[in-house]
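> For reference, the structure I am asking about is given below.
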Amino acid sequence: MAILELKDIHKSFQDNVVLDGINLSVNKGDIVGIVGPSGTGKSTLLRSINLLERPEQGEIRFEDITLNLPLKGKERKSVTALRKRIGMVFQKFYLFEHKTALQNVMEGLITVQKKPKKETEQIALDALEKVGLKAWKNHYPKHMSGGQQPRVAIARTLAMKPDIILLDEPTSALDPELVTEVLTTIKAIAEQGYTMLLVSHEMDFVSKISNRVLFLDGGKIIEDGTPEEVFRHPKSDRAKEFFDKMNKLKEPEFFI
Amino acid sequence: MDTKFSDYFSVKLMWSRIPYLVKKIPITLELAGLAFLVSIVIGLLIAVIRYKKVKILSPIATAFLSLMRGTPMLIQLYVAYYGIPAILRIFNSWGANIDVNVIPKMVYAFFALGLYQAAFTSETFRAALESVDKGEIEAATAMGMTYGQVLRRIIVPEALENALPGICNSVIGLVKGTSLASTCGIIEITYQNQILAGRDYRYLEGYVALAIIYWIITIILEKIFKLVEKKFRIPEQPKTVEEV
Ligand SMILES: Nc1ncnc2c1ncn2[C@@H]1O[C@H](COP(=O)(O)OP(=O)(O)O)[C@@H](O)[C@H]1O
Ligand SMILES: [Mg+2]
């Protein structure tokens, strides 16, 4: 059953049309990989789902919440309600720099979910444990490594028990040697049955964990299928070209 | 007859003046404290209005800042001192019934001081608000916080921390500014000195004694703020990792 449905979403920045009629229906438990050249609106798509961007046209339906765009005053409350149930991990993590790892994870539980303090701390510790950082709970973000910061961000999102997790290139800001630890964490979460939308350039990883892959280009979804279908047998030339280019980068002569 | 240095300046007299002035320090601090509260509340309000570019209010705030910064403190004190009773009398002539003489002089002084300082503090706050990472605001928004919650939980606490050095300056400015309140007839340390010097004509000793007192208060305040800043600042060194 579809948990999230986007209908005919349009979003432009001035005269730059970024999303040009996106239709998408995501089922509960889906792990959807989103790939495509940079600048095609992958981030904008994720950010439109939780209304960090305001599309000019279209409809977003998430379980019992339906938002018709553009938003009218009354629907503001629904936006907050929707955000409470959709978690997001940003490309640059955006940890609260003045809070410790534990406080980062507790923040949403206290302020948004209004859980009692005692319970909050336990949930936060469990979430940190899941990403292997329980021992680092009293550290500030600036004292954590590049690989640990996204894991705190993931724990912060997980602790809220969201119905959907949006991940926007969670490893692209990392040094290569740190990528694996973060991917391992994401894989572990994916295996727990979360619904996820993951934008990533790690094609092998996307292909391994997703049950569905979207290829985005020119503001439209131009490939939509299983990893096998999209990566091995793309229908469009644009996707073929893009994957060829990505594969070339991996060929031996590029390793020195 | 020879004139000695002590004819112009007697160190002994200066020291003996200090205890009489110290007695009025509580008035000075009370005035500075109340003005500080006014300046923080109004300064924060103006800063948020300008930070959020609130319609209608934002240009009003900007005009207020321009007025406050473009006129001397002393003149503002006089305007408050004579102006507020005048306004109240107008209200009374419309049927209100406010006893103008009941309003303590203190109120004019701390209000005028507070408003004046608010103009400067608000700019400190605004710079501090603008220095809060937009990404953190976005992360908090994406969690489902309302704007009010983001403001309370993320923006204001971080901005306050960034604003601490500016707030320290503002407190020191206010303490020194209270010396002007003598013009409203409040007997704080500066006015106390005028009264004493009026009796023995030892103005210079009195003013030097005053300078020493203001200086010491300022040094103490700076020390306190250094401690507060240190408490707020994220430590340079990470904690050791706890054994699990
Ligand atoms: N806030 C913004 N203002 C103006 N243009 C933007 C903004 N955000 C994104 N864009 C533009 O929208 C396009 C898509 O951006 P983005 O969604 O970040 O692409 P991707 O994530 O696929 O790399 C780009 O051309 C980018 O320059
Ligand atoms: Mg992007």
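> To the nearest 20 Debye, how big is the dipole of chain A about its Cα centre, given +1 on the beta carbon of each Lys and Arg and -1 on that of each Asp and Glu? Could the numbers behind the result be given before it?
Working: 38 positive and 36 negative charges, 244 e Å.
Charge dipole of chain A: 1180 debye, to the nearest 20.
> What part of the accessible area of region B:29-186, given as a whole %, is carbon or sulfur when the probe is 1.4 angstrom?
Details: 5130 of 7440 Å².
C and S atoms contribute 69 percent here.
> Are there residues in region B:112-147 whose accessible area shrinks by at least 20 Å² when all protein chains are included rather than the chain by itself, and which are they (probe 1.4 Å, ligands and nucleic acids not counted)?
B:G135, B:E136, B:E138, B:A139, B:T141, B:A142, B:M143, B:G144, B:M145
> Per residue, how many Å² of accessible area does region A:209-252 show with a 1.4 Å probe? Don't jump to the answer; show the numbers that get you there.
Values: 2580 Å² over 44 residues.
About 59 Å² of surface per residue is accessible.
> Hey, another quick one. Would you work out which of B:Q149, B:I56, B:L160 lies farthest towards the positive end of the dipole of region B:29-186? Charges go on Cβ: Lys and Arg +1, Asp and Glu -1.
Of the options given, the answer is B:I56.
> I'd like the distance separating the alpha-carbon centroids of region B:85-144 and region A:182-255, in whole Å.
After rounding, the separation between the Cα centres reads 56 Å.
> Once every DSSP H run of n ≥ 4 in the protein assembly as shown is given -39500 (n - 2.57) and the sum is divided by its residues, what mean residue ellipticity at 222 nm do you get, rounded to the nearest 500 deg cm²/dmol? Could you put the intermediate results ahead of the total?
Numbers: 19 runs with 272 residues, N = 500.
That calculation yields -17500 deg cm²/dmol at 222 nm.
> Go through region A:32-93 and name the GluC sites (Glu not before Pro) that are in a DSSP coil and have 13 or fewer other Cβ atoms within 10 Å of their Cβ. Could the numbers behind the result be given before it?
Details: sites: A:E53, A:E56, A:E59, A:E63, A:E75; in loops: A:E53, A:E56, A:E63.
When the GluC sites (Glu not before Pro) of region A:32-93 are filtered for loop state and at most 13 Cβ neighbours within 10 Å, A:E56 remain.
> In nm, to one decimal, how far is the modelled label at B:K239 from the one at B:N101, with both set 7 Å along Cα→Cβ?
Roughly 6.2 nm, to one decimal.
> Under 5 Å between amide hydrogens, which residues at least 5 positions from A:I31 or on another chain qualify, with H placed 1.01 Å from N in the peptide plane?
Those qualifying (amide H under 5 Å, at least 5 residues apart or on another chain) are A:M196, A:N211, A:R212.
> Next question. Just checking the output field for A:131-139: average partner chain Cβ neighbours within 10 Å of each residue's Cβ? Write out the running numbers ahead of the final one.
Values: counts 0, 1, 1, 3, 5, 5, 4, 5, 5.
Mean shielding by partner chains, rounded to a whole number: 3.
> Roll a 1.4 Å probe over the protein chains and send me the accessible area per residue for chain B in Å². Mind dumping the intermediate values first?
Working: 13790 Å² over 244 residues.
With the other protein chains kept in place, chain B gives 57 Å² per residue.
> Could I ask something else about it? Just the number, please: carbon plus sulfur as a percent of the accessible area of region A:144-256, 1.4 Å probe, no ligands or DNA/RNA counted. Mind dumping the intermediate values first?
Numbers: 2860 of 5410 Å².
Carbon and sulfur together cover 53 percent of it.
> Here is a further query. If you take each beta carbon of peptide A:13-25 and count the beta carbons of other chains within 10 angstrom, what is the mean? Don't skip to the answer; put the middle values down first.
Numbers: counts 0, 0, 0, 0, 0, 0, 0, 0, 0, 0, 0, 0, 0.
That works out to 0 on average.
> If you take every residue apart from B:L65 with its C-beta less than 14 Å away from the C-beta of B:L65, what net charge results, scoring Lys and Arg +1 and Asp and Glu -1? Display every interim value, and only then the final one.
On the way: positive: B:R50, B:R69, B:R126; negative: B:E123.
In short, +2.
> Still on this structure, please answer the following. If the limit is 25 Å between Cα atoms, which of A:K72/A:K161; A:K161/B:K231; A:K220/B:K134; A:K117/A:K137; A:K11/B:K134; B:K52/B:K176 go over it?
Details: A:K72/A:K161 28 Å; A:K161/B:K231 33 Å; A:K220/B:K134 29 Å; A:K117/A:K137 16 Å; A:K11/B:K134 21 Å; B:K52/B:K176 32 Å.
Table pairs above 25 Å Cα-Cα are A:K72/A:K161; A:K161/B:K231; A:K220/B:K134; B:K52/B:K176.
> With label points built 7 Å along Cα→Cβ from the Cα atoms of A:Q14 and A:T66, find their separation and express it in nm.
The answer from the label model is 3.7 nm.
> Given DSSP loops and a limit of at most 15 other Cβ atoms within 10 Å, what is the longest stretch of chain B that contains no such trypsin sites (Lys or Arg not before Pro)?
Values: sites that count: B:K4, B:K23, B:K52, B:K53, B:K55, B:R233, B:K239.
Between the exposed loop sites, the longest stretch runs B:56-232.
> Between chains B and A, what is the buried accessible area in Å², counting both sides, with a 1.4 Å probe and ligands, DNA and RNA left out, to the nearest 100?
Summing both sides, the interface buries roughly 2600 Å².
> What FRET efficiency comes out for B:W215 versus B:L88 if R0 is 35 angstrom and r is the Cβ-Cβ distance? Round to the nearest 0.05.
Values: r = 38 Å, r/R0 = 1.10.
With R0 = 35 Å, the Cβ-Cβ based efficiency is 0.35.
> List for region A:77-98: residues with 20 Å² or greater reduction in accessible area, all protein chains versus chain alone, probe 1.4 Å?
A:T80, A:R83, A:F90, A:Y94, A:F96, A:E97, A:H98
The values are calculated or read from the model by the stated rules, or taken from the named source; none is laboratory data. Everything quoted here is computed from the prediction, not taken from an experiment. Glycine gets a Cβ as well: all are built from the backbone with ideal geometry, and neighbour counts include every protein chain shown. Heavy atoms of the whole protein, side chains included, go into the accessibility calculation; ligands, DNA and RNA do not. Shrake-Rupley method; radii C 1.70, N 1.55, O 1.52, S 1.80 Å.
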